[in-house]
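Report on the following structure.
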Amino acid sequence: MIKNTEIITKLIIEAKEKAYKETSNEPEPQLVQKEIKWPIQCTVGPGLEGAIACESKVGYVNGTKGWLIYRGYDIFDLAAYTSYEEVSYLLLHGELPTKNELKKYKETLTKFSFLPLTLRQLMNFPVEEWNTMAALRVGTNIMRQILTYRDKDIDDIIKSKNIKVIGTDEDSIPMETMPMGEKRAIYEFKHNRDKLIKSKVVLDEALGIRSCYHLIAGLPTITAAIARLRKGSLPIEPDPDLSIAGNLLYMMKGEKPTPIEERIMDVALILHADHGMNASTFASMVVASTLSDIYFSIEAGIAALNGPLHGGANERVLYTLEEIGSPDKVEKWFKKAREEKRKIMGFGHRVYKAYDPRARILGPLAEFLCKDHKEVRTLFKTAKKLEKMVISTLGKEKKIFPNVDFYSGLVYKALGIPPEMFTPIFAVSRVSGWTARIIEYLKHNRIFRPRAIYTGEFNKKIKKRR
Ligand code: CMC
């Protein structure tokens, strides 16, 4: 736990108390069972609504009551009393780590958070011009390729092959070429790649738990590097003394976060870590079920998360609030949005037909942060007014309430993060849930292979075409 941040814990506990007053939390019998005998009966709607794809011990969402559980623990308690590192370990291993396990886990994550070879290759692309999720997906793919020459044991490779490592702070750029009019330095890195490729090792490791650690530790480094490159700065190396949350902020912004900022980012990462069989989790599990590897699977998760109906909504919520402009303009904007049958970003959910517990925490955190942030204060007040309007109309009619994406963007904006980085940050956290569910599913793997009902024609004849 990060010190001097009791105020954040207090806000989370208050949010929990409010939630517990407003909603009960008993499990739904059809979705919570100790033992399942396959095949099972379920009613399936479009978009696989109601379909049961697998069994899992990783987490549970009670959408009717607005209740989220990771491995038996209530999300409010995890947010109040644990760190993101502990939560990612919990999701992967089933239990919170002991002191010693946590120490070892953190050491491994720290080691895996240094990705000099991956960043070097990523920087050969015009990342600053790319969609940030596209860049993250490519970065993840490079991590996979690098695994073939063992980026994870980078120290050994460097020693044995006498490879020069790029200095990733601005003061030491040994690899920079002479300025030739390029927008940015071009890095070249040549070594005897073939000797380093060990395909057996690759496959074993790309399906194992250490690949999960590699991804959990590596995605923050890539995400931060993308943020830096977009503003024309070089990536910054992680600081081994900081948490994943602290490092994410540090590596993006170039300055050490305050304990409060680090803690709030830590809570945001905890809240986004897992969420049942959502689209990106399912996408990553489908890929894993073919016995492709975890890196490819995570790339699929990143691609699915990018969409505005899923993780991409957080960025768009901010644009919506900016478009509205101020609280007094909400009513007119909302009336028009309803007439145009516009989907309002940050509201509604396939599973939640109640207030999303994650939004119950992120709302007060956004309010807390906006006290010192005039611009975010106006956006927050606009958000509050919009929330009230939506709940009193769409809430009553269709059970539409704020979801996790409604307030996360305001939190990130107040932390000084640009909107195009919001969805990659979602991926930085969700990679814990993706990997945990993949590892769990692979133990009793069966390839996902649903069917479609054919509504096309038969007996069409081909006319002579040539
Ligand atoms: N604004 C206005 N109307 C909505 C909204 C919304 N945000 N969400 C759902 N509805 C209406 C929808 O128009 C439909 O009305 P009708 O029955 O009259 O046609 C009804 O509610 C059911 O909606 P749906 O689109 O069939 O519901 P779904 O379960 O297929 O979609 C959703 C869920 C999250 C994609 C949808 O609520 C949505 O598009 N929300 C906005 C985008 C968003 O905030 N996404 C983040 C989701 S939470 C984080 C994450 O998982 O990434």
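The table that follows gives values for the structure above.
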quantity: Count of residues meeting criterion [touching a Gly at 6+ places or on another chain (Cβ under 7 Å), within 16 Å of the ligand (Cβ to nearest atom) and assigned to a loop (DSSP other than H, G, I, E, B)] in segment 256-282; calculated: 3
quantity: In segment 302-315, the residues that are within 10 Å of the ligand (Cβ to nearest atom) and among the small types (G, A, S); calculated: A304, G307, G311, G312, A313
quantity: Condition broken by L415, with the remaining ones in (1) within 18 Å of the chain's Cα centre (by Cα); (2) crowded, with 17+ Cβ neighbours inside 10 Å; (3) more than 12 Å from the ligand (Cβ to nearest atom); (4) farther than 23 Å from E14 by Cα satisfied; calculated: (4)
quantity: Which listed residue, of R437, R377, is away from the ligand (no atom under 14 Å from the Cβ), closer than 30 Å to L96 by Cα and part of a helix (DSSP H, G or I); calculated: R437
quantity: Single unsatisfied condition, E397 versus (1) in a helix (DSSP H, G or I); (2) within 20 Å of L309 (Cα to Cα); calculated: (2)
quantity: Filtered residues of segment 344-399 (kept if of a type in the set (V, I, T) and within 17 Å of E261 (Cα to Cα)); calculated: I361, V376
quantity: Subset tally (residues that are assigned to a helix (DSSP H, G or I), buried (at least 18 other Cβ atoms within 10 Å of the Cβ) and not small (G, A, S)) for segment 291-315; calculated: 8
quantity: Test result for Y352, aromatic (F, W, Y) and outside any helix (DSSP H, G or I); calculated: yes
quantity: Unmet requirement for I425, which otherwise passes all of (1) assigned to a helix (DSSP H, G or I); (2) without any contact (Cβ under 8 Å) to a residue 24 or more places away in the chain; calculated: (2)
quantity: Pairs where the first residue, in segment 392-420, is farther than 20 Å from G276 by Cβ and the second is charged (D, E, K, R) and more than 15 Å from the ligand (Cβ to nearest atom), C-beta under 6 Å, 6+ apart; calculated: L415/E261; G416/K253
quantity: Some residue of segment 316-326 being crowded, with 20+ Cβ neighbours inside 10 Å and within 30 Å of N25 (Cβ to Cβ); calculated: yes
quantity: Filter result for V330 (without any contact (Cβ under 8 Å) to a residue 40 or more places away in the chain and farther than 25 Å from L78 by Cβ); calculated: no
quantity: Residue count, segment 68-98 (criterion: within 16 Å of the ligand (Cβ to nearest atom) and either assigned to a helix (DSSP H, G or I) or at pLDDT below 95 (or both)); calculated: 1
quantity: Lone qualifier among R451, R446, R465, R430 - being of a type in the set (K, R) and touching a Gly at 6+ places or on another chain (Cβ under 9 Å); calculated: R430
quantity: Breaking point among (1) over 21 Å from G433 (Cβ atoms); (2) at pLDDT 90 or above; (3) among the hydroxyl-bearing types (S, T, Y), for Y60; calculated: (1)
quantity: Qualifying residue in segment 5-23 (condition: at pLDDT 95 or above, within 16 Å of the ligand (Cβ to nearest atom) and not aromatic (F, W, Y)); calculated: no
quantity: Which numbered condition K396 misses (of (1) more than 10 Å from the ligand (Cβ to nearest atom); (2) farther than 27 Å from E129 by Cβ; (3) surrounded by 21 or more Cβ atoms within 10 Å (Cβ to Cβ)); calculated: (3)
quantity: Answer residue from segment 400-412, given it is β-branched (V, I, T) and in a helix (DSSP H, G or I) and is farthest from the ligand (Cβ to nearest atom) among those; calculated: V411
quantity: Subset of segment 54-63 that is crowded, with 16+ Cβ neighbours inside 10 Å and assigned to a loop (DSSP other than H, G, I, E, B) - its residue that is nearest to the ligand (Cβ to nearest atom); calculated: G63
quantity: Filter result (among the acidic types (D, E), within 13 Å of the ligand (Cβ to nearest atom) and either closer than 17 Å to A359 by Cβ or assigned to a helix (DSSP H, G or I) (or both)) within segment 316-347; calculated: E339
quantity: Residue within segment 450-464 that is in contact with a helix residue (DSSP H, G or I) (Cβ under 7 Å, 6 or more places away or on another chain) and either closer than 30 Å to V138 by Cα or within 16 Å of the ligand (Cβ to nearest atom) (or both) present; calculated: no
quantity: Total residues in segment 385-422, condition among the polar types (S, T, N, Q) and touching a Ser or Thr at 6+ places or on another chain (Cβ under 7 Å); calculated: 0
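The values are calculated or read from the model by the stated rules, or taken from the named source; none is laboratory data. Please read all numbers here as calculations on a predicted model, not as lab measurements. Don't worry about glycine lacking a Cβ; one is built from the backbone with ideal geometry, like all the others, and counts go over all protein chains shown.
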